[in-house]
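The values are calculated or read from the model by the stated rules, or taken from the named source; none is laboratory data. Values in this document were obtained by computation on a predicted structure and should not be read as measured data. Cβ atoms come from the backbone with ideal geometry, glycine included; neighbour counts cover every protein chain shown.
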């Protein structure tokens, strides 16, 4: 999962980043509120750790702007000011949780896991799409009662598609979540991996699950839902 940390205290930011990376998150750091807001608006993060006292734009303003823009990324706010008024303000603006400084990293990690669980599209560790099943604990996938051999990248791509089952995901969203870098319109790497994945999760005569949406992206959905939909401009 990809986390954005917006924190201007270098030692605190480094401490959080190192701890989250040890927990196997991908972490971006912004040192002021404006840069953090720009990153949050431009990228797809699974959660944001946001300090209140920031240069250029404080944490309350960042939360307010994100929620006004209908960006629902879970937000854990940090503050050295432990007053009830500050907590209420942050929560009323749309933050999901609040943690006062100083804090133990274990508590931050636990609170982050909690808001990620609450916001997860699919809370179960076993994800299903028709007869396709993915086990997020053992990192294995099954269809037709047999295990599907996947590379690490193929697994990550399939998990992202399954956690967004029924939704259209763009190439840009896939590169940010699966490859953790910005989308390069000149590359065909997404198409290559989609083709490989299709060859493994579909076979002649079996219901198709993965559709290409012309000029938009891809959608994984159960075979019963994969009827012709001219409005989407789908390609089989």
Quick one: which residue in 160, 218 is modelled with pLDDT of 90 or more, crowded, with 19+ Cβ neighbours inside 10 Å and not assigned by TED's automatic domain parsing to the domain that holds residue 42?
218
Residue 140 touching a strand residue (DSSP E or B) at 6+ places or on another chain (Cβ under 7 Å), surrounded by fewer than 16 Cβ atoms within 10 Å (Cβ to Cβ) and without any contact (Cβ under 8 Å) to a residue 60 or more places away in the chain:
yes
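Can you name every residue in region 48-88 that is within 22 Å of the chain's Cα centre (by Cα) and either surrounded by fewer than 23 Cβ atoms within 10 Å (Cβ to Cβ) or over 23 Å from residue 17 (Cβ atoms) (or both)?
Applying the first criterion (within 22 Å of the chain's Cα centre (by Cα)) to region 48-88 yields 48-51, 59, 62-78.
Those that are within 22 Å of the chain's Cα centre (by Cα) and either surrounded by fewer than 23 Cβ atoms within 10 Å (Cβ to Cβ) or over 23 Å from residue 17 (Cβ atoms) (or both): 64, 65, 66, 67, 68, 69, 70, 71, 72, 73, 74, 76.
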Among the residues of region 20-43, what is the count of those that are closer than 26 Å to residue 137 by Cβ and surrounded by fewer than 16 Cβ atoms within 10 Å (Cβ to Cβ)?
5
Please give the number of the condition residue 9 fails out of (1) under 15 Å from residue 79 (Cβ atoms); (2) more than 21 Å from the chain's Cα centre (by Cα); (3) modelled with pLDDT of 95 or more.
(3)
What do you reckon, is residue 63 part of a strand (DSSP E or B) and closer than 27 Å to residue 164 by Cβ?
no
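Residue-wise test of (1) touching a helix residue (DSSP H, G or I) at 6+ places or on another chain (Cβ under 6 Å); (2) not in a strand (DSSP E or B).
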residue	(1), (2)
78	no, no
90	no, yes
109	no, yes
112	no, yes
134	yes, no
147	no, no
150	no, yes
153	no, yes
One residue is enough: does region 179-196 have a residue meeting the conditions touching a strand residue (DSSP E or B) at 6+ places or on another chain (Cβ under 6 Å), under 29 Å from residue 29 (Cβ atoms) and assigned to a loop (DSSP other than H, G, I, E, B)?
yes
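Could you tell me which of the residues 44, 64 is modelled with pLDDT under 90 and touching a helix residue (DSSP H, G or I) at 6+ places or on another chain (Cβ under 6 Å)? Even if it seems obvious, please write down each step before you answer.
Working: 64 fails: modelled with pLDDT under 90.
The unique qualifying residue is 44.
Could you tell me whether residue 79 is over 30 Å from residue 205 (Cβ atoms) and free of Cβ contacts under 8 Å to residues at least 12 places away in the same chain? If you could, list the steps in order and put the result at the bottom.
Working: over 30 Å from residue 205 (Cβ atoms): yes; free of Cβ contacts under 8 Å to residues at least 12 places away in the same chain: no.
Against the criterion (over 30 Å from residue 205 (Cβ atoms) and free of Cβ contacts under 8 Å to residues at least 12 places away in the same chain), residue 79 does not qualify.
Yes or no: region 4-12 includes at least one residue that is part of a loop (DSSP other than H, G, I, E, B), touching a strand residue (DSSP E or B) at 6+ places or on another chain (Cβ under 7 Å) and within 21 Å of residue 175 (Cα to Cα).
Start the filter on region 4-12 by keeping residues that are part of a loop (DSSP other than H, G, I, E, B), which leaves 7-9.
Add one more test, that the residue is touching a strand residue (DSSP E or B) at 6+ places or on another chain (Cβ under 7 Å), and what stays is 7-8.
The next check asks that each one be within 21 Å of residue 175 (Cα to Cα); those that pass are none.
The answer is no; no qualifying residue exists.
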